[in-house]
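Visitor: Could you have a look at this structure, given as structure tokens, before my questions?
The values are calculated or read from the model by the stated rules, or taken from the named source; none is laboratory data. Given the structure is predicted, the values throughout are model-derived calculations rather than measurements. Every residue, glycine among them, receives a Cβ derived from its backbone with ideal geometry; neighbour counts consider all protein chains shown. Side chains included, ligands, DNA and RNA excluded: accessible areas come from the protein's heavy atoms. Shrake-Rupley method; radii C 1.70, N 1.55, O 1.52, S 1.80 Å.
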Amino acid sequence: MGRFVCGVDLGGTKISTGIVDESGKVIQSLKIPTNVEEGSDAVISRINMSIDKVLEMSNLKLHNLSGIGIGAPGPLDIEKGIVVYSANLPGWRDVPIANKIKEKYELPIRLNNDGNAAVLGEYLFGTGRGSKNFIYITISTGIGAGAVIDGKLFNGANSNALEVGHMTINTSGPKCGCGNHGCFEALASGTSIARRAQKMIDEGRETIILVQEKNAPVKAEYVFDAARNGDKVALEIIDTEAFYLGVGISNIINLFNPDKIALGGGVSTQMDMFYSKMMQTVTERTLRPNAAICEVVRAKLGNEIGIIGAASLILCDD
Ligand SMILES: [Zn+2]
């Protein structure tokens, strides 16, 4: 029997747990609500329960596992396996999640932030294969990222590297969840697409964005649907999105000089709608030799990246 690893993707609303083989294939997986309001002990019990369940679903025993990897929102202390605090896990303060899980499972446990786990997963098993300096950026409700530099995961001094969602793009831009103004994620996340659409609707602009879902809050996907139907307001919003993504990516290329960047997350599934405009901005704003060597592509792992990334924290030892 080959080697198996358990990957746990801990998020603010859901916990995804899966068994992954050494080729990066998810054998079985399970998604449960986090119920973060129940407190960290209850959440950790639910994680343990989900590990037991996926083992059972996979017809495996604990001794078949070579470790458990956990991807979590930060800031973290990865050496000590602690969630220091997290905007997505309200009430969590210095939670020693790795040790608590180790109490039940006598296995190597690795904790890292979800962006770092994801880049490792995409590097080992996705479109990052063969790349040496590789960046993964997730664009969904927020924007996160991770980097592999010279073939190694780049954690930064205390494992919080590549918080690119909070690099300032426009000093007088909209307020971000972090308290600052004009952060990359306040301008280019899926949330900001929805916010921009809502503003245009409130201003009385003529658009079909909300035709299907009257009175429901605008979602980024409605904007893309409307843009695909030629809606002018929606196309304008997508163009703005493409521009800010291009600015952010250009900064990242100038900083890290990667040979490949992969985009994941919900917004990336619509990449055909903004790719050329985004790349036009990248080309205009990036130092030419840096732009010339860097390929920008869509990530390959899709929805499973959280689990595969977490499992990669153990699998990367090979
Ligand atoms: Zn911010």
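Visitor: Leaving ligands, DNA and RNA out of it, report the carbon-plus-sulfur percent of the accessible area of region 52-185 at a 1.4 Å probe.
Guide: Exposed carbon and sulfur together represent 48 percent of the surface.
Visitor: Quick check: residue separation of residue 293 and residue 106 times 0.36 nm, minus the Cα distance between them. What number comes out in nm?
Guide: 62.9 nm
Visitor: For residue 132, give me every one of the lysines with a C-alpha distance below 18 angstrom, ignoring sequence neighbours fewer than eight places off in its own chain.
Guide: Of all the lysines, those that pass the test against residue 132 - Cα under 18 Å, at least 8 places apart if same chain - are 152, 260, 300.
Visitor: Based on alpha-carbon positions alone, could you give the equivalent ellipsoid semi-axes of region 1-138 from the gyration tensor, as √(5λ), descending, whole Å?
Guide: On the way: eigenvalues 100, 79, 34 Å².
One finds semi-axes of 22, 20, 13 Å for region 1-138.
Visitor: Full-extension gain between residue 30 and residue 99, please, as 0.36 nm times their residue separation minus the C-alpha to C-alpha distance.
Guide: 22.6 nm
Visitor: For helix 305-315, report the angle its Cα long axis makes with the longest principal axis of the Cα atoms of the chain; keep it between 0 and 90° and round to the nearest 10°.
Guide: 40 degrees
Visitor: Using only the alpha-carbon atoms, how far is helix 40-57 inclined from the longest principal axis of the chain? Give it as 0 to 90 degrees, nearest 10.
Guide: 80 degrees
Visitor: Something else about it: Report the antiparallel proportion of the DSSP beta bridges in the chain as a percent, rounded to a multiple of 5.
Guide: Here the share of antiparallel DSSP bridges comes out near 60 percent.
Visitor: Just want to confirm a number: the relative contact order over region 1-109, from Cα pairs under 8 angstrom separated by 6+ residues, in percent. Before the final figure, lay out the partial values.
Guide: Working: 201 pairs, mean separation 27.9, N = 109.
With pairs under 8 Å counted, the relative contact order is 26 percent.
Visitor: Next question. Could you let me know the centre-to-centre spacing of region 32-67 and region 253-308, using Cα atoms, in angstrom?
Guide: Spelled out, the Cα-based centre of one part sits 34 Å from the other.
Visitor: Would you compute, from DSSP H runs of 4+ residues alone, the mean residue ellipticity of the chain at 222 nm, taking -39500 (n - 2.57) per run and dividing by the full residue count, rounded to the nearest 500?
Guide: -11500 deg cm²/dmol
Visitor: Using only the alpha-carbon atoms, how far is helix 232-256 inclined from the longest principal axis of the chain? Give it as 0 to 90 degrees, nearest 10.
Guide: 60 degrees
Visitor: Within straight cross-link reach of residue 277, meaning Cα distance under 17 Å, which lysines are found once same-chain residues fewer than 8 apart are removed?
Guide: Residue 277 reaches 232.
Visitor: Could you list the trypsin sites (Lys or Arg not before Pro) in region 212-318 that lie in coil according to DSSP, counting only those with at most 10 other Cβ atoms within 10 Å of their Cβ?
Guide: Sparse-neighbourhood loop trypsin sites (Lys or Arg not before Pro): 214.
Visitor: Follow-up question, since we're still on this one. Specify whether the C-alpha gyration tensor of the chain places it in the rounded, prolate or oblate class, a ≥ b ≥ c being the square roots of the eigenvalues: rounded for a/c under 1.5, otherwise prolate if a/b is larger than b/c and oblate if not.
Guide: Prolate.
Visitor: What accessible area per residue comes out for region 169-270, rounded to a whole number of Å², with a 1.4 Å probe?
Guide: Using a 1.4 Å probe on heavy atoms only, each residue of region 169-270 averages 47 Å².
Visitor: GNM, the chain, Cα, under 10 Å: largest mean-square fluctuation among 284, 206, 241?
Guide: 206
Visitor: Tell me which lysines have Cα within less than 21 Å of residue 175's Cα, excluding those fewer than 8 residues away on the same chain?
Guide: 199, 219
Visitor: I'd like the projected area of region 166-318, averaged over all directions, using the convex hull of its alpha carbons. Report it in nm² with one decimal.
Guide: Result: a mean projected hull area of 11.0 nm².
Visitor: Further question on the same structure: Between residue 45 and residue 66, how high is the FRET efficiency from 1/(1 + (r/R0)^6) when r is the Cβ-Cβ distance and R₀ = 30 Å? Nearest 0.05. Before the final figure, lay out each step's value.
Guide: Values: r = 23 Å, r/R0 = 0.78.
Result of the calculation: an efficiency of 0.80.
Visitor: What list of ³J(HN,Hα) couplings, whole Hz, do you get for region 15-32 from phi and the Karplus terms 6.51, -1.76, 1.60, once you set θ to phi - 60° and write x for glycine and proline?
Guide: Values, residue by residue: 10, 10, 10, x, 9, 10, 8, 6, 8, x, 8, 7, 7, 8, 8, 8, 10, 10 Hz.
Visitor: To the nearest Å, what is the center-to-center distance of region 75-122 and region 174-244, using C-alpha atoms only?
Guide: About 33 Å separates the Cα centre of region 75-122 from the one of region 174-244.
Visitor: Still on this structure, I have one more. Taking springs between alpha-carbon atoms closer than 10 angstrom, which of 188, 118, 226 fluctuates most in the Gaussian network model of the chain?
Guide: Sorting by GNM fluctuation, first place goes to 226.
Visitor: Continuing with this model, one more query. Looking at this model, which pairs from 25/102; 61/104; 31/80 are more than 18 angstrom apart at the alpha-carbon?
Guide: 25/102; 31/80
Visitor: Further question: Distance in nm between label sites at residue 201 and residue 59, each 7 Å beyond Cα in the beta-carbon direction?
Guide: About 4.9 nm separates the two model spin labels.
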